[in-house]
Amino acid sequence: MKFRAKIIDVGCLNHFTRVVNTVSRLTKACVLRLTCDHLYFVLSGRVASGGVSMWCELSQGNFFDEFQLEGVSADANEIFLEVAPENLSRALKTAQNAKSVKIKLTKKSCPCLTLAAELPSLSSVSRVVTHDIPVDVIPRRLWHDFREPQMPDFDVSIYLPPLKTMKSVVDRMKNLSNYLVLEANLNGEMNLKIDTDLVSVTTHFKELGNPPWGDDGSQSSSPAHRDPDLMAEARVEIRKLQQFLTGQQVNPSRAMCNIVDRRILHLIFLHEDVSLQYFIPAVV
């Protein structure tokens, strides 16, 4: 098993750092899946038991100038590592002005991702800062737990309003309740609602648009002939939604959510070479 990669371009380094920062704000531990073409940050929570799940996919060719990988075997040319993304985030913060950053899978007292940042120097002697980030190698028999989650058969899919606006609304609602209802329909309308013994608050968004998932431009996963005005809803913990909106630094070009009525809120952020999916289970 071998892995080494190198980033030279400062823009790519900053972009990669923003992605890692986003992941670190969403979870304390996750799985880093490495393949020849992609990197994945995976949080495989059991939605059925109330846990959130995350799937963040990066195309390695758009970030790394060099990328070499030898997986566990010829027929399974992948590596799965359990890592604390906060440790990787801290290491990358010291490398923001680096001339280059090398990342390598090493064996110290335990398996590590070793990050070496070559920093600018006024002398001819280069300055290299090295971080050893402990990881656990996940055995192949457990890989199936960290495959891409299936797109749920949603009832409604809708584009999200401006994320800063949505975050501001959610932040205010968190002061009033622990739970929030997000509902939407196929007419591009979305509502954020809280309802307690003391107060009821609803924020309305209109003309958001609905993503065309089907080949014919229709939302093929939605039940046939669904009434466009009929709302699908998910009641979720505000803390989990707020954590996602607060943590994101991807600045997506497209942001949308799919709702499986009363079961799952599936959030999707897309930005060029990065896709981030986040699954929040609905509560009764």
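The values are calculated or read from the model by the stated rules, or taken from the named source; none is laboratory data. Just so it is clear, the model here is predicted, and its values are computed rather than measured. Reconstructed Cβ throughout: ideal geometry from the backbone, glycine too, with neighbour counts over all protein chains shown. Keep in mind that these areas ignore ligands, DNA and RNA; they rest on the heavy atoms of the full protein, side chains included. Shrake-Rupley method; radii C 1.70, N 1.55, O 1.52, S 1.80 Å.
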For the range 164-189, which positions are open to solvent by 60 Å² or more (accessible area, probe 1.4 Å) and assigned to a helix (DSSP H, G or I)? Lys164, Thr165, Lys167, Arg172, Lys174
Only one of (1) modelled with pLDDT of 95 or more; (2) open to solvent by 30 Å² or more (accessible area, probe 1.4 Å); (3) among the polar types (S, T, N, Q); (4) closer than 30 Å to Asn14 by Cα fails for Thr202. Which number is that? (4)
Test result for Val20, assigned to a strand (DSSP E or B) and in contact with a helix residue (DSSP H, G or I) (Cβ under 6 Å, 6 or more places away or on another chain): no
Of the residues in the range 35-84, how many are touching a Ser or Thr at 6+ places or on another chain (Cβ under 9 Å) and not aliphatic (A, V, I, L, M)? 16
May I ask you to list pairs of residues, at least six apart or on different chains, whose Cβ atoms are under 6 Å apart, with the first in the range 269-281 being part of a strand (DSSP E or B) and the second being of a type in the set (Asp, Glu)? Ser275/Glu57
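Here is a yes/no grid of residues against (1) over 29 Å from Asn97 (Cβ atoms); (2) of a type in the set (Val, Ile, Thr); (3) at pLDDT below 95:
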position: Phe3; (1), (2), (3): no, no, no
position: Thr27; (1), (2), (3): no, yes, yes
position: Arg46; (1), (2), (3): yes, no, yes
position: Phe67; (1), (2), (3): no, no, no
Scanning the range 28-51 for residues that are of a type outside the set (Gly, Ala, Ser), open to solvent by 10 Å² or more (accessible area, probe 1.4 Å) and touching an Asp or Glu at 6+ places or on another chain (Cβ under 9 Å) gives Lys28, Arg33, Thr35, Cys36, His38, Tyr40
Within the range 233-240, can one find any residue that is in a loop (DSSP other than H, G, I, E, B), at pLDDT 95 or above and crowded, with 18+ Cβ neighbours inside 10 Å? no
Identify the residue in the range 241-254 that is part of a helix (DSSP H, G or I) and polar (S, T, N, Q) and, among all such residues, is surrounded by the fewest Cβ atoms within 10 Å (Cβ to Cβ). Thr246
Just wondering, is there one or more residues in the range 217-233 that are acidic (Asp, Glu) and over 25 Å from the mean Cα position of the chain (by Cα)? yes
